[in-house]
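A short worksheet on the structure shown next.
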Amino acid sequence: QDELHRPAFPYKFKFKFDGCPNGCVCAMARSDFAVVGTWKDDIKIDQDAVKGYVGGEFAPNAGAHSGRDWGKFDIQKEVVDLCPSKCMKWDGSKLSIKTADCVRCMHCINTMPRALHIGDERGASILVGAKAPVVDGSQMGSLLVPFVSCEAPYDDVKEVIEKIWDWWMEEGKNR
């Protein structure tokens, strides 16, 4: 009972869980063990909705910046050119995404939520070792498991946790 209540760790061990790669709780940068929701297959593209954004029918960013006049939406400048992995192409009438190069930063989906949706094969990525020291700034966790299926009873995730805890109890530093 004591082991469950107060495990014999040399120092604290923080878990954080993000439901999607947007990282609203900063799991990737502020925890020892982060579980971040993601998908494995292609981003789903609704080409008619993409044309709606380009034509001004839909407000980009779900209307978050509608209080100001930012001018006409430029998909090349505001979405394709800002893709960190350069996996997107716009030929003037069709948007294409090379999934193998996508890093799932969520910028394109956040900018055009009616046109782009995450894939159907959903699960999580597991990252370890992040820290947020005051002087140096946040240091991202290292990607340990790129994709794991997350379905109850979550045995795949629990197995990774148990192995890390065994290592942490022996090798972790006091502070």
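The values are calculated or read from the model by the stated rules, or taken from the named source; none is laboratory data. Note that the coordinates shown come from a computational prediction; the quantities given were computed from them, not determined experimentally. Cβ coordinates were reconstructed from backbone atoms using ideal geometry, including for glycine residues, and neighbour counts include every protein chain displayed. Only protein heavy atoms, including side chains, enter the accessible area calculation; ligands, DNA and RNA are left aside. Shrake-Rupley method; radii C 1.70, N 1.55, O 1.52, S 1.80 Å.
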Seminar exercise, completed: the chain, Gaussian network, Cα under 10 Å: of 134, 25, 80, the residue fluctuating most is 134
Seminar exercise, completed: For the chain, the dipole about the Cα centre with charges only on Cβ (Lys and Arg +1, Asp and Glu -1), to the nearest 20 debye, works out at 620 debye
For this session: Round to the nearest 10 and give me the degree value, 0 to 90, for the angle of helix 155-171's Cα axis relative to the longest principal axis of the chain.
Result: 50 degrees
Problem set entry | Nearest-20 debye value, the range 44-117 charge dipole, Cβ charges on Lys, Arg, Asp, Glu | 180 debye
For this session: Using DSSP to define loop residues, name the chymotrypsin sites (Phe, Trp or Tyr not before Pro) in the range 64-103 whose beta-carbon has at most 15 other beta-carbon atoms within 10 Å.
Result: 70
Problem set entry | residue 14 paired with residue 128, simple spin-label distance in nm, labels 7 Å along Cα-to-beta-carbon | 1.8 nm
Exercise. Separation between the residue 90 and residue 76 pseudo-spin-labels, each 7 Å from Cα along Cα→Cβ, expressed in nm?
Worked result: 0.9 nm
For this session: Once you have the Cα-Cα distance between residue 161 and residue 99, take 0.36 nm times their residue separation minus that, and quote the gain in nm to one decimal.
Result: 19.4 nm
Problem set entry | Inter-centroid distance (Cα atoms) of the range 63-120 relative to the range 127-163, Å | 27 Å
For this session: Give me the number: length gained by fully extending residue 169 to residue 106, i.e. 0.36 nm times residue separation minus the C-alpha to C-alpha distance, one decimal in nm.
Result: 19.1 nm
For this session: Keeping all protein chains in position, work out how much accessible area residue 93 exposes to a 1.4 Å probe, and write it in Å² to the nearest 10.
Result: 60 Å²
Exercise. Taking the chain as a Gaussian network, where each spring joins two C-alpha atoms under 10 Å apart, which residue of 130, 152, 115 fluctuates the most?
Worked result: 152
Problem set entry | With all protein chains modelled, accessible area of residue 48 [1.4 Å, Å²] | 120 Å²
For this session: Count neighbours as other Cβ atoms within 10 Å of each site's Cβ, and list the trypsin sites (Lys or Arg not before Pro) in the range 50-81 that are DSSP loop with at most 11 such neighbours.
Result: 68, 72
Exercise. Taking 0.36 nm per intervening residue step and subtracting the Cα-Cα distance, what contour gain separates residue 147 from residue 51 on full extension?
Worked result: 31.4 nm
Problem set entry | Length-normalised contact order of the chain in % [C-alpha pairs under 8 Å, at least 6 apart] | 29 percent
